[in-house]
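What follows is a single structure, written as structure tokens, with notes after it.
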Amino acid sequence: MSMAPAPWAKAQQRAKCLAAAALWLLVACGSIAFLFFYATTPTRWHQVRATELIAWRNTLILPYTFTNGTTGRTTPLLSGGISFLLIWQWCGTLAVALGAAGLVWIASSNQVFSARSGNKNNKQRTAGYYLRQAATRTRRVLAYRVPPRGLWRALLGPGGLSLLDLLLILLWVGLHIMWMHEMTMRVLDNRRANPPPPKVTLRPPPPVGVKTATTAAPPPINVSRPPPQVATRHLLRAAAAAPPPAGAAPPPKVNATATPKPPPPRVVKPLPVVVQDNVAKYFGWVGRLDILALYFPVPRCNFLHWLLDSDFPTLIKYHRWLGYGTILVNSLHGIIYMSIWARDGILTRMLDWGMTAGVNRLSGLISMCGGWMLLLGALPVVRRRCFNLFYASHILGAVVFMLFAFMHRKDVATWVMPGVFLYLLDVVLRTIQQNFNSTVVTASPDCTSAASRANLSPDNGMLTLSLRCHEGMSWVGSDIVFLNVPAVSWWQWHPFTVASSSEAVGPSGEKRMVLHIKKYDRWTQRLILRLSNDASPVRMYVSGPYANANRKWIAGADRHVFIAGGIGVTPALGMLQELIVHRKKAQAAAANGSSLDEGSRATLVWVSRDRGEFTALPYEVLEASRGKGAWLDVQLYFTGDSSSPSKTVASGEAAAAADKPTKGDDAEAKAAISLTVSAAGAVSPASIADNRPLSHPYMFHPLLWAVAVVLCFGGGFLGLICAQAYDAYTARTVAARRDFSYVGMLQFSALGVGAVLPPALLMFAVHSWRLLSLCRKALSAQPSFNRGESDTPNPTADMAVAATLSGYSTVSESSGSANGAEPAKAFKADIGFAHAIKDGRPNWAELLGAVATCSSDGGQLPVWDNDAAQEQAQVVGVFVAGPERLVAAVDEECALLNGVWGRAGRAYLSVTALTHEL
Ligand SMILES: Cc1cc2nc3c(=O)[nH]c(=O)nc-3n(C[C@H](O)[C@H](O)[C@H](O)COP(=O)(O)OP(=O)(O)OC[C@H]3O[C@@H](n4cnc5c(N)ncnc54)[C@H](O)[C@@H]3O)c2cc1C
């Protein structure tokens, strides 16, 4: 590619900076508006300028007139209240989403490593430097694990409770206390402004000439400034007295001669009852705000991930916590009301389905039951042990909860939609993508009609998938994909991390996505059984890849330590592949005379109970740890039973023990099975669809996603207008309404369909167009298809196999010659990194202490033993993935070593954890 001329490149850079600043401004405005009104709408703040606010909101009303009106009422299509919600909630969210998509678009032109390359050596003491220092300190303090850490880990998982988590929980609790206080005070203010009439007591009339206390001194009246509630009443009275707007129906004529009826006596409830009623009512009011926040962290691809450098496994934790809070608040709303009604003996009457007061209380109760179903199904004990039960109950519970909440009160829908829209959009985009993004996999080395390959470890404990991808697909090692195999289960989708980099192209010129799948329970067992017993290809649907926050982590840290337990190594391998690719680029740049930071040294510590898993170590990783220019320190720990033959690999016995058609006596075939082989099958005319590589990304381009968001919100708005039109029409034509539940149902379906259909059509068109163009390209590149020629071997693919095997040149020899040898030793001799395998667990305190102090203790970490390296490497990125206990142990050691924001003379250990359990 030719380089852009310098002035043009400068102008381009300046334009990018300006665009990024404008987009950040849009994000800031949208989020400030959203958060400000989110926090203050339930407070009395609105009454400070109530007159202006009501007047302004009234200007937002969309007038609606219907000539057949029979009740004489005028109803707006969108009231001022709804318009106000649309402005701060819907438009605020849309602004942030569009701004974030624009920022991703700008950032997508930069490389993963650009951030580190730019900043590393910038040590000038400028204002920017101090700002960056302050930001770093703040981030570290927020990541501080709050004591008692053991308790929090037992309650919340291996990550425990960070200071940020604690602050967010306190913010949530504080907001709710403030809202309830404000709303109760509103009631009390109202009561003070409208005191109940004094009790009438029958007393004898006072003697004539004696002044009574009441007649003697009238109370002083403060005329300077009426209280806000009085101002509101004045305004409403003035609005009632004002002439009707043009086109409105004339008010009914009043017969002047008729004697006016006396107003009904005012019923005044005792104050404690009023407060009780309002507490019950306002828990429901506040519950709507909780539902609004609940959906934002759920989408797998989310603008919050882009803005906060976060990812799905991290944010789903906040969804869980918000879920518990939401169910609690809404349950309090229902339970307090029901206890009041039970006390007054009107419970059954109040739970009548056809209430006319605008509230369907029975559907509120059903919604609450849906919420409890969600809560019980999501308890860790159910989620972890019976994931499918959790999944089914979550979908059913969410539908019941939302549908009946909409039917409970018709204003719930407008309050909660923005988060729901983003979630629906995510579901639509991934449903369409995953239906297009499929590949055909086989474990048989003889089968050439499949695009992708599966390799089983000799003891069948691990499956390695090497999925062929279109050159346009891009991901970062450790991104997440979800797999579905209809032959195993048509509805289950299971998450896996990608163990390869999309920038690494194999010798055959192909891009491959590598996944390592450990045999765990039903789904993984059935998949492995299917691939090992049946040589015919199996279709696999892929959803994603979804971005992981690790891309920032890889670029941000000065040094890297990867700690993995068992199959937790897959994300670590993915990130190592990114580092390898970056080094290769730097070396190529150096050869061309330009300079690029090569990146620092790294350590991989892998603990496994199964020696077979160690075969997942790719050749490139081993190569990086060997020889003079080694920059990677690989430490392997075997914690299983060395005497168990089933836990050994690459021995002749183990290979023969598994009775599979793919395993013959042929030594080469065995080697192919036990290693990650990048072989591509030749394309046959009959299987052009099967040979299609993965090529349909979740989100083609950030700007396309932005268009889909606009369509989603626009469609949702049209759905809202439809529901409102029905409601407004009925309000004007039916005197006594009993159809509020139907309005809720209509809102549920109209808003849902409106939000889903337009982006679905857009993405369907884009995916279909891509599929067609790929098929056209494949046909034109393979003229032999049309001539009906037989399969021809692919020489480039064969080269790929040879290149990979040559890295493990001893495998094929020794796997056949290990007869009678002690299995563990045989394995060590085979793979060639046997010297690196230690028995037992590592000492985390010692290992991480050495990392933090940059010592060369025991020769384990020889790469950080000089002061210059320590000075340079202030942040050590520690990535830990695997079983909860391992993650918790490493997290605890790092917390101890770091203190609150790092200790003098030690590197700061920046921990990122993944447990493979959502
Ligand atoms: C972000 C992430 C990345 C992962 N990466 C890998 C990987 O690279 N290699 C690997 O072998 N395993 C990985 N896993 C774990 C893998 O998803 C499970 O081992 C697999 O789904 C188990 O399915 P099963 O039917 O055999 O067992 P099940 O009994 O169905 O599930 C066992 C456990 O896996 C989890 N699980 C199952 N299905 C899902 C799902 N749809 N979504 C989230 N969690 C689920 C649940 O916690 C469940 O308790 C990852 C998990 C997560 C959450």
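The values are calculated or read from the model by the stated rules, or taken from the named source; none is laboratory data. None of the values given here were measured: they were computed from a predicted structure. A quick note on method: Cβ atoms are made from the backbone with ideal geometry, for glycine too, and the neighbour counts reach across all protein chains shown. We work out accessible area using only protein heavy atoms, side chains counted, and drop any ligands, DNA or RNA first. Shrake-Rupley method; radii C 1.70, N 1.55, O 1.52, S 1.80 Å.
Note on residue 521: accessible area is roughly 70 Å² with a 1.4 Å probe, heavy atoms of protein only. Given q = 0.13 Å⁻¹, what are the Debye log10 I(q)/I(0) values for the stretch 500-546, with equal point scatterers placed on the Cα positions and solvent ignored? After summing over all Cα pairs, the log10 values are -0.45. Using equal-weight Cα scatterers in the Debye expression, the normalised intensity of the stretch 285-382 in log10 at q = 0.12, 0.13, 0.15, 0.17 Å⁻¹ is -0.51, -0.58, -0.71, -0.83.
Computed from backbone phi, the HN-Hα couplings of the stretch 908-917 come to 8, 9, 8, 8, 10, 10, 9, 10, 6, 10 Hz, rounded to whole numbers (Karplus: 6.51 cos²θ - 1.76 cosθ + 1.60, θ = phi - 60°; Gly and Pro given as x).
The alpha carbon radius of gyration of the stretch 552-631, expressed as a multiple of 2.2 N^0.38 Å, is 1.18.
Rg and Dmax, both from the Cα atoms of the stretch 265-337 and both in Å, are 17.8, 61.
Once the convex hull of all Cα atoms in the stretch 298-349 is built, its volume per residue stands at 91 Å³.
Excluding ligands and nucleic acids, what accessible area in Å² is computed for residue 421 using a 1.4 Å probe, to the nearest 10? Its accessible surface works out to 0 Å², give or take rounding.
Each principal axis of the Cα cloud of the stretch 696-740 was taken in turn, and the coordinate range along them, longest first, works out to 53, 13, 9 Å. Residue ranking by accessible heavy-atom surface, 1.4 Å probe, largest first, among 408, 560 comes out as 408, 560. In order along the stretch 397-411, the Karplus-derived 3J(HN,Hα) couplings, from 6.51 cos²θ - 1.76 cosθ + 1.60 at θ = phi - 60°, round to x, 5, 5, 5, 4, 6, 4, 6, 5, 5, 6, 5, 9, 6, 8 Hz, and Gly and Pro are given as x. For the stretch 377-469, place one equal point scatterer on every Cα, skip the solvent, and apply the Debye formula. What is log10 of I(q)/I(0) at q = 0.17 Å⁻¹? Taken in order of the listed q values, log10 I(q)/I(0) reads -0.97. Each residue of the stretch 474-491 is assigned a 3J(HN,Hα), and the resulting list reads 9, 7, 10, x, 5, 5, 10, 10, 10, 10, 9, 10, x, 5, 9, 7, 6, 10 Hz, derived from the Karplus form 6.51 cos²θ - 1.76 cosθ + 1.60 (θ = phi - 60°), x at Gly and Pro. When the listed pairs 269/410; 511/585; 317/410 are checked against a 20 Å cut-off, the alpha-carbon distance exceeds it for 269/410; 317/410.
Rolling a 1.4 Å probe over the heavy atoms of the protein chains gives the stretch 534-610 an accessible area of 30 Å² per residue. P(r) tail for the stretch 452-582: Cα pairs beyond 23 Å make up 33% of the total. Taking amide H as placed 1.01 Å from N in the peptide plane, residue 162 has its amide H under 5 Å from the amide H of 146, each at least 5 places away in sequence or on another chain. Along each principal axis, taking the top coordinate minus the bottom one, the Cα set of the stretch 518-570 gives 47, 24, 18 Å in descending order.
Peptide packing for 14-20, 743-749 was compared via the average number of neighbouring C-beta atoms within 10 Å per residue; ordered from the highest value, the list is 743-749, 14-20.
Per residue, the convex hull spanned by the alpha carbons of the stretch 15-57 comes to 79 Å³. Accessible area ranking (1.4 Å probe, heavy atoms, ligands and nucleic acids excluded), largest first, for 366, 837: 366, 837.
Assuming R0 = 25 Å, can you tell me the calculated FRET efficiency for the pair residue 9 and residue 130, based on Cβ-Cβ distance, to the nearest 0.05? With a Förster radius of 25 Å, E is 0.25.
Ranking 471, 613, 917 from most to least accessible surface, computed with a 1.4 Å probe over the protein chains only, gives 471, 917, 613.
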